[in-house]
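Heads up: the structure comes next, in structure tokens.
The values are calculated or read from the model by the stated rules, or taken from the named source; none is laboratory data. Predicted model, so just to flag it, every value in this text is computed and none were measured. When we count neighbours, we look across all protein chains shown, and the Cβ atoms used for this are built from the backbone with ideal geometry, even at glycine. Accessible surface areas use protein heavy atoms only, side chains included; no ligands, DNA or RNA. Shrake-Rupley method; radii C 1.70, N 1.55, O 1.52, S 1.80 Å.
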Amino acid sequence: MKKAFTLIEIMVVVAIVAILITIAVPNILRARVVANEGAAIANLKTLASACQSYHIDNQKYPANLLDLSTATPPYIDNVLGSGQKQGYQFDYNSVDSDHFTVNANSINTGLLKGRYFFIDESAAIHVRNDAPAGPDDEIVG
């Protein structure tokens with residue numbers, strides 16, 4: 001007598017695997033969003049620190065992110081200086097010689113879309129869920 005799996009046994013295994021995938025995939029995607037958000041917050045802190053250092057050295061904030069990445073020595077890496085890193089677009093705005101703002105907006109869509117962040121010379125990071133964040137939004141704790 002040959003030993004083999006029956007059709008019902010194979011169907012049960014496939015059903016169990018499908019259920020496990022259904023449970024695991026959303027959790028994996030959410031973990032990726034959380035990781036990207038954490039990286040965006042870290043990158044905003046890096047930008048704020050770099051801007052403060054630039055201000056100390058030059059008595060003004062940089063005109064754009066390229067000023068930070070092309071300085072000698074550079075204040076930030078070239079990837080962050082390009083404005084996009086780890087699923088976020090960083091939009092730097094030089095308000096005047098003593099003020100700047102940076103918005104970090106998720107470039108992903110659907111299940112991978114993260115929250116929006118904002119920072120200025122005060123170094124307080126603000127967050128918003130549905131649109132680009134600003135100075136009046138909740139501060140990240």
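A few comments on the model shown:
- Qualifying residue in segment 54-72 (condition: touching a helix residue (DSSP H, G or I) at 6+ places or on another chain (Cβ under 7 Å), open to solvent by less than 80 Å² (accessible area, probe 1.4 Å), in a strand (DSSP E or B) and not charged (D, E, K, R)): no
- Considering (1) assigned to a helix (DSSP H, G or I); (2) open to solvent by 50 Å² or more (accessible area, probe 1.4 Å), the lone condition that residue 75 does not fulfil carries the number (1).
- Filter result for residue 25 (assigned to a helix (DSSP H, G or I) and under 16 Å from the mean Cα position of the chain (by Cα)): no
- Taking every residue in segment 67-91 that is among the acidic types (Asp, Glu) and pairing it with any residue that is open to solvent by less than 80 Å² (accessible area, probe 1.4 Å) and part of a helix (DSSP H, G or I), at least 6 positions away or on another chain, yields no pair with a Cβ-Cβ distance below 6 Å.
- Where residue 93 falls short, out of the listed (1) more than 16 Å from the chain's Cα centre (by Cα); (2) open to solvent by less than 10 Å² (accessible area, probe 1.4 Å): (2)
- Filtered by the rule that a residue be in contact (Cβ under 8 Å) with a residue 40 or more places away in the chain and closer than 19 Å to residue 69 by Cα, segment 30-48 gives 39, 40, 41, 43, 44, 45, 47, 48.
So that you can scan it fast, the table gives a plain yes or no per residue for (1) modelled with pLDDT of 95 or more; (2) among the aliphatic types (A, V, I, L, M); (3) under 20 Å from residue 118 (Cβ atoms):
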position: 4; (1), (2), (3): no, yes, no
position: 17; (1), (2), (3): yes, yes, no
position: 30; (1), (2), (3): no, no, no
position: 39; (1), (2), (3): yes, yes, yes
position: 55; (1), (2), (3): yes, no, yes
position: 78; (1), (2), (3): yes, no, no
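- In segment 102-139, residue most open to solvent (accessible area, probe 1.4 Å) [restricted to those that are free of Cβ contacts under 8 Å to residues at least 24 places away in the same chain, among the β-branched types (Val, Ile, Thr) and part of a strand (DSSP E or B)]: 139
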